[in-house]
Amino acid sequence: MSQGDNKKIVIQLQNSVFLPEVVKFLEEGHTITLRLKGYSMRPFLENERDKALLNKAGALKVGDPVLAEISHGHFVLHRIVSISGDDVTLLGDGNLSPEHCKSADIKGSVIGFYRKGRGRLDRTDGRKWLIYSWFWMRLLPVRRYLLAIHRRMIRIPVLGRFI
């Protein structure tokens, strides 16, 4: 095979099959880069454009983006909005309704994001992410309106049509 003949093979698996394997690697101490799927972290993270760098979940704190299993085989990458004992409340940046799990259901912590095709990591402990997080979490009362404006600006495909 000549040097220019390398072909990229893409295999797509359902999250219910793929993510438990990711969790196994995280539990073994590996760091995983995961392409994001879905619109729950809009407007700053985009479906199939951005990537998250994850490691095994450690100490949890409000504001952290995490990979959580909210029901058997159903995983989300959302931000922690509250912790009460063992109960954790999660909310995607692009969502209006929270989801709940136990702290043991948090499988991975996000170290940072590769956004907009860049090779440079936007760390979740960096000033840029912390400032963005501080403002976005306080905009929850008006988030519905901001997200509606954003959706109309970029026209999200829903069920085969654009809204």
One residue is enough: does the stretch 45-57 have a residue meeting the conditions in a strand (DSSP E or B), under 22 Å from Ile131 (Cα atoms), among the aliphatic types (A, V, I, L, M) and open to solvent by 30 Å² or more (accessible area, probe 1.4 Å)? no
Q.
Scan the stretch 25-32 and tell me whether some residue there is open to solvent by less than 40 Å² (accessible area, probe 1.4 Å), in a loop (DSSP other than H, G, I, E, B), touching a residue at least 40 places away in the same chain (Cβ under 8 Å) and hydroxyl-bearing (Ser, Thr, Tyr).
A. no
Those residues of the stretch 118-144 that are in a loop (DSSP other than H, G, I, E, B) and open to solvent by less than 70 Å² (accessible area, probe 1.4 Å) come to a total of 4
Within the stretch 97-109, of all residues that are among the charged types (D, E, K, R) and open to solvent by less than 50 Å² (accessible area, probe 1.4 Å), the one farthest from the chain's Cα centre (by Cα) is Asp105
Selection over the stretch 61-71 where residues are open to solvent by 50 Å² or more (accessible area, probe 1.4 Å) and either assigned to a loop (DSSP other than H, G, I, E, B) or touching a Ser or Thr at 6+ places or on another chain (Cβ under 9 Å) (or both) yields a count of 2
Next item on the list: For Gly94, indicate whether it is modelled with pLDDT under 85, under 25 Å from Arg127 (Cβ atoms) and open to solvent by less than 80 Å² (accessible area, probe 1.4 Å).
Entry: yes
Notebook entry, point to check: Given the structure, is Ser109 out of contact with any Lys or Arg (no Cβ under 8 Å at 6 or more places or on another chain) and either at pLDDT below 90 or not in a loop (DSSP other than H, G, I, E, B) (or both)?
Noted result: no
All conditions in (1) touching an Asp or Glu at 6+ places or on another chain (Cβ under 9 Å); (2) farther than 20 Å from Tyr132 by Cβ; (3) part of a strand (DSSP E or B) are true of Lys37 except (3)
Original post:
If we scan the stretch 72-82, do we find a residue that is charged (D, E, K, R), crowded, with 19+ Cβ neighbours inside 10 Å and touching a strand residue (DSSP E or B) at 6+ places or on another chain (Cβ under 6 Å)?
Top reply: yes
Checked pairs for the stretch 83-104, first without any contact (Cβ under 8 Å) to a residue 60 or more places away in the chain and farther than 21 Å from Pro141 by Cα, second open to solvent by 50 Å² or more (accessible area, probe 1.4 Å) and in a helix (DSSP H, G or I), C-beta under 8 Å and 6 or more apart or across chains, list as Asp86/Ala104
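The values are calculated or read from the model by the stated rules, or taken from the named source; none is laboratory data. Quantities reported herein were computed from a predicted structural model and do not represent experimental measurements. We place every Cβ from the backbone using ideal geometry, glycine too, and count neighbours over all the protein chains shown. Only protein heavy atoms, including side chains, enter the accessible area calculation; ligands, DNA and RNA are left aside. Shrake-Rupley method; radii C 1.70, N 1.55, O 1.52, S 1.80 Å.
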